[in-house]
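**Student:** Below is the structure I would like to discuss, written out as structure tokens.
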Amino acid sequence: MGGVEDEEPALKRMKLSSKGLVALSNGSSSKEPVGGLSRDFMARPLPSKGDEQVVGSKGVIKKEEFVRIIAKALYSLGYGKSGAHLEEESGIPLHSPGVNLFMQQILDGNLDDSVATLRKIAPADESVVRSASFLILEQKFFELLNREKVMEALKTLRTEITPLCINSSRIRELSSYIVSPSPRLDIGRVRSRSKLLEELQKMLPPTVMIPEKRLEHLVEQALILQREACPFHNSLDKEMSLYSDHHCGKDQIPSSTLQILDAHDDEVWFVQFSHNGKYLASASNDRTAIIWEVGINGGLTVKHRLTGHQKPVSSVSWSPNDHELLTCGVEEAIRRWDVSTGKCIQLYEKAGTGLVSCTWFPCGKYILCGFSDKSICMWELDGKEVESWKGQKTLKISDLEIMDNGKEILSICKPNSVLLFNRETKDERFIEEYQPITAFSLSKDNKFLLVNLLTQEIHLWNIEGDPRLVGKYKGHRRTRFIIRSCFGGLKQAFIASGSEDSQVYIWHRSSGELIEALPGHSGSVNCVSWNPANPHMLASASDDRTIRIWGLNSLHNNYQNVPSNGVHHYCNGGS
């Protein structure tokens, strides 16, 4: 600034940064003045409120705050001379003389004086003053102990710290250092004075001491808000720059048909990618399930065709480690398969009732099954029943999920209700809808539930604490069949759904804006699954007996040479 260069390397400067932090150990002192009170530059007085100005076209940025935050950033980055020049030229000091004095007193170890100064610079909020005083006097207590001045430390504890009447448990802990000399050093709590100053800075109001990295925080916040407002942001490779506003195009959304998988002989009802994104499992009315492998170039090929069910396969569920797969027949049995060999390693069934849903426990040692008699059962992998819950816990046609903590089970317990049942405490929470529920999907972070309704709507519920409706998605068609939706894309920022009009629908999760309606299928699209490891890959299953793999327009040429075995290669929905 103004042609002045910083000649010293930033890491070697011992002058204080804007918050007065230097590499000082306990008990050491600094003779350098605090930023804003250098020998070479003295800031002019703060302008009066009548002279307050604003900058920027919107008139919402106060010039004084803006300059102080820039100065703070310069000091933090090690540009001490530039920071001092900015203070001198603008006449706006980073800190008031009282704050500079307070900071220097802390760093020099004049802790008693700093407490007195604190009361002059701190706000009227007495609780803040007491809490900050507690930290300072605690520092004094430890420094006295480290210098073997036990009686003075005891006096500080009794006459200065205890009368503050806060944090009684910590006071008892401090007393133990007097009684027992062994833990006296309390390495985890003894701070350097610069660390103490950093903690005090967080405690005091920002008008007194500007928070560290405040400018960086504001810029990051602006970038994040731009990214979240962008309806098409779906790529880790998309760099964000300070030089221009952020904007992505639709080219980041998987909207081109890259492959058509037609190895099934009947309607495909369900698809689900593995957790690692390396496999896709599909379930069909042809009484088979297929494990597809995602190749290095992104093309899918048949790995195993799973046969043995006597009825159509309604759903699948991947084990937490993706080594095994559950397949559920329609009111029939559940089979567990080895993904590497394609062999069935366990059959789960119960006399007199059919199984309608299944899922894995997060630990991978148990499975959950829903039955046609509306009960839910927990089984060990070898088929031994561990626990069961009778009554209205699930419906004849129902999805089933369990939270990552292994405690809360989710199922459709009534036509209009999703049950969140804690298997340990037996507590029950409910999501109550005004129309029958056909399916649901749990977000990766377990905080949200996507609920498909009979009335051509998809609702997004926040299920932390008391469930509350936070989003709605419309546009797809559903009149007769079970249509499933899913979360997906980068940070699950999108919602995708099948539809009876043969299209795949994609919405922006936060805004609810419909982004794409993808044509290509010739029958109802029953289920969709977004690859959790690749935000640019989406699969859809249809009554037209095919699975479509959707990707970016720019990728379709990469798939032309993938081996066929039940795979045809298309782009943009055309043959």
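**Student:** As I understand it, the dipole of region 500-548 uses +1 on the Cβ of Lys and Arg and -1 on the Cβ of Asp and Glu, about the Cα centre. Which of SER511, PRO532, HIS521 lies farthest toward its positive end?
**Tutor:** Value computed over the given set: PRO532.
**Student:** Counting alpha carbon pairs within less than 8 Å and at least 6 residues apart, what relative contact order, in whole percent, applies to region 99-256?
**Tutor:** Computed over region 99-256, the figure is 19 percent.
**Student:** Give the share of C-alpha pairs in each 10 angstrom bin for region 250-551, from 0 to the last occupied bin, in whole percents, shortest bins first.
**Tutor:** Going out from 0 Å in 10 Å bins, region 250-551 shows 6, 30, 39, 22, 3, 0 percent.
**Student:** Residues in region 94-135 near a label at CYS165, defined as backbone nitrogen under 17 Å from the 7 Å Cα→Cβ point?
**Tutor:** 125-134
**Student:** Restricting attention to region 48-153, which GluC sites (Glu not before Pro) occupy a DSSP loop and are surrounded by at most 13 other Cβ atoms within 10 Å?
**Tutor:** Loop-located and lightly packed - GLU52, GLU148.
**Student:** A follow-up question, please. Taking a virtual spin label 7 Å from the Cα of GLN435 along the C-beta vector, which residues in region 492-511 bring their backbone nitrogen under 19 Å of it?
**Tutor:** 495-508, by backbone N distance to the label point.
**Student:** Calculate, in nm to one decimal, what SER241 and ASP404 gain on full extension: separation in residues at 0.36 nm each, minus their alpha carbon distance.
**Tutor:** 55.0 nm
**Student:** Based on the Cβ-Cβ distance of GLU349 and SER511, what FRET efficiency does E = 1/(1 + (r/R0)^6) give at R0 = 45 Å, to the nearest 0.05?
**Tutor:** After rounding to 0.05, the efficiency reads 0.50.
**Student:** Which of rounded, prolate, oblate describes region 118-229, given a ≥ b ≥ c as roots of the alpha-carbon gyration tensor eigenvalues and a/c under 1.5 marking rounded, otherwise prolate only if a/b is larger than b/c?
**Tutor:** Judged from the Cα gyration tensor, region 118-229 comes out prolate (a/c at least 1.5, a/b above b/c).
**Student:** Let me know the shape class of region 55-175, please: from the alpha-carbon gyration tensor, a ≥ b ≥ c as square roots of the eigenvalues, rounded when a/c is under 1.5, otherwise prolate if a/b is greater than b/c, or oblate.
**Tutor:** Prolate shape, in that a/c is at least 1.5 and a/b is the bigger ratio.
**Student:** Once amide H atoms are placed 1.01 Å from N in the peptide plane, what residues at a sequence separation of 5 or more from GLN346, or on another chain, have their amide H within under 5 Å of its amide H?
**Tutor:** The answer is ARG336.
**Student:** Let me have the relative contact order for region 55-175, percent, based on Cα pairs under 8 Å that are six or more residues apart.
**Tutor:** Relative contact order, region 55-175: 13 percent.
**Student:** Continuing with the same structure: If R0 is 35 Å, what FRET efficiency do you get for ASN276 and GLU199 from their C-beta distance, rounded to 0.05?
**Tutor:** The pair ASN276/GLU199 has a calculated efficiency of 0.25.
**Student:** Under 8 Å for C-alpha pairs, at least 6 residues apart: give me the relative contact order for region 250-551, rounded to a whole percent.
**Tutor:** Relative contact order of region 250-551: 15 percent.
**Student:** Once amide H atoms are placed 1.01 Å from N in the peptide plane, what residues at a sequence separation of 5 or more from ARG484, or on another chain, have their amide H within under 5 Å of its amide H?
**Tutor:** GLY498, CYS527, VAL528
**Student:** Further, regarding this structure: Which of the trypsin sites (Lys or Arg not before Pro) across region 313-369 are loop residues per DSSP, with 14 or fewer other Cβ within 10 Å?
**Tutor:** LYS343, LYS365
**Student:** Turning to a different aspect of this structure: What pairs in LYS149/LYS213; LYS62/LYS213; LYS311/LYS447; LYS414/LYS491 have C-alpha atoms more than 28 Å from each other?
**Tutor:** LYS149/LYS213; LYS311/LYS447; LYS414/LYS491
**Student:** Need one word for region 467-557: rounded, prolate or oblate. Basis is the Cα gyration tensor (sqrt eigenvalues a ≥ b ≥ c); a/c below 1.5 gives rounded, then a/b vs b/c decides.
**Tutor:** Because a/c hits 1.5 or more and a/b fails to exceed b/c, region 467-557 counts as oblate.
**Student:** I would also like to ask the following. With each pseudo-label sitting 7 Å past Cα toward Cβ, what's the MET151-LEU223 distance in nm, one decimal?
**Tutor:** Placing both labels 7 Å along Cα→Cβ, they lie 5.8 nm apart.
**Student:** So which chymotrypsin sites (Phe, Trp or Tyr not before Pro) in region 341-447 end up in coil per DSSP with only 16 or fewer other C-beta atoms within 10 Å?
**Tutor:** When the chymotrypsin sites (Phe, Trp or Tyr not before Pro) of region 341-447 are filtered for loop state and at most 16 Cβ neighbours within 10 Å, TYR434 remain.
**Student:** At 0.36 nm per residue, and after removing the present C-alpha to C-alpha distance, how many nm does the segment from SER340 to LYS426 gain when stretched out fully?
**Tutor:** Length gained between SER340 and LYS426: 27.2 nm.
Laboratory data are not the source of any read-out in this text; all were calculated from the coordinates shown. The structure displayed is predicted, hence computed values, not measured ones. In this analysis, Cβ positions are derived from the backbone assuming ideal geometry, glycine residues included, and neighbour counts consider all displayed protein chains.
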